[in-house]
Amino acid sequence: MSAHQMLCHLADSYRGVIGEKKISAVKLPVPKFILRWVVLRSPLPWPKNSPTRPEVKQGAGGTPPIAFESDRARLFEVIDRFCSCPDSVRTPHPVFGALSREDWMRWGYLHADHHLRQFGQ
């Protein structure tokens with residue numbers, strides 16, 4: 001994934017949370033509460049090449065990049081809406097289900113951090 005594609009992927013992911021983009025749910029063999037704790041609370045970094053839903057995957061159903069600066073500005077606007085969105089509007093996470101506001105904010109940070117680290121160390 002390029003840096004430009006990452007901007008669109010993150011924007012799509014946040015838009016899914018606030019009901020602006022439909023993202024399909026997935027069933028896993030691990031209970032949601034266990035996976036949720038491991039992903040959101042453990043000190044382990046998220047693994048590279050983790051699978052994602054097709055609706056936010058670049059090259060599949062994700063929004064394709066157009067112009068870097070406008071896509072970057074759109075991501076910042078979506079982050080603002082994501083952070084200020086009332087809990088009643090947020091949709092369940094496709095893997096973890098319903099999350100508290102604190103967990104949503106943690107997921108939002110960790111998701112961006114996961115992708116930004118792909119371009120760092």
Could you tell me what fraction of 2.2 N^0.38 Å the Cα radius of gyration of the range 81-121 comes to, as a two-decimal ratio?
1.31
Where labels lie 7 Å past Cα in the beta-carbon direction, separation of Asp80 and Leu116 in nm:
1.9
For the chain, with +1 on Lys and Arg beta carbons and -1 on Asp and Glu, the positive-most of Ser42, Met1, Ile23 along the dipole
Ser42
Positive minus negative residues near Val39 (Lys, Arg vs Asp, Glu; Cβ under 11 Å)
+3
Run the numbers on the range 29-121 and let me know its relative contact order in percent, using alpha-carbon pairs under 8 Å that are six or more apart.
35
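Summing Lys, Arg as +1 and Asp, Glu as -1, what charge do residues with Cβ under 11 Å from the Cβ of Ser100 carry, Ser100 excluded? Mind dumping the intermediate values first?
Numbers: positive: Arg36, Arg90, Arg101, Arg106; negative: Asp87, Glu102, Asp103.
Its environment carries a net charge of +1.
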Please order Cys8, Cys83 by the number of other Cβ within 10 Å, starting at the fewest.
Cys83, Cys8
The alpha-carbon center of the range 28-65 and that of the range 1-21 are separated, in whole Å, by 13
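For the chain, give the magnitude of the charge dipole about the Cα centre (Cβ charges: +1 Lys/Arg, -1 Asp/Glu; no others), in debye to the nearest 20.
Details: 17 positive and 11 negative charges, 85 e Å.
Using Cβ point charges on Lys, Arg, Asp and Glu, the chain gives about 400 debye.
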Yeah, the range 17-121 with a ≥ b ≥ c from its alpha-carbon gyration tensor (a/c under 1.5 is rounded, else prolate when a/b outruns b/c, oblate otherwise) is rounded
Could you tell me how many degrees, from 0 to 90 and to the nearest 10, lie between the Cα long axis of helix 32-41 and the main elongation axis, the longest principal axis, of the Cα atoms of the chain?
60
How far apart, in nm, are the 7 Å Cα→Cβ label points at Met105 and Lys48?
3.2
What size of dipole, in debye to the nearest 20, comes out for the range 1-61 about its Cα centre when the only charges are +1 on Lys and Arg C-beta atoms and -1 on Asp and Glu C-beta atoms?
220
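Please count, across the range 1-105, the pairs of lysine residues with Cα atoms under 19 Å apart that sit 8 or more places apart or on different chains. Walk me through the numbers on the way to the answer.
Details: Lys21/Lys57; Lys22/Lys57; Lys27/Lys57; Lys48/Lys57.
Eligible lysine pairs with Cα atoms under 19 Å apart amount to 4.
Taken together, the values in this text are just the output of simple stated rules run on the coordinates, not laboratory data. All figures in this text were calculated on a predicted structure; none of them were measured in a lab. No Cβ is skipped: glycine too gets one built from the backbone with ideal geometry, and neighbour counts run over all protein chains shown.
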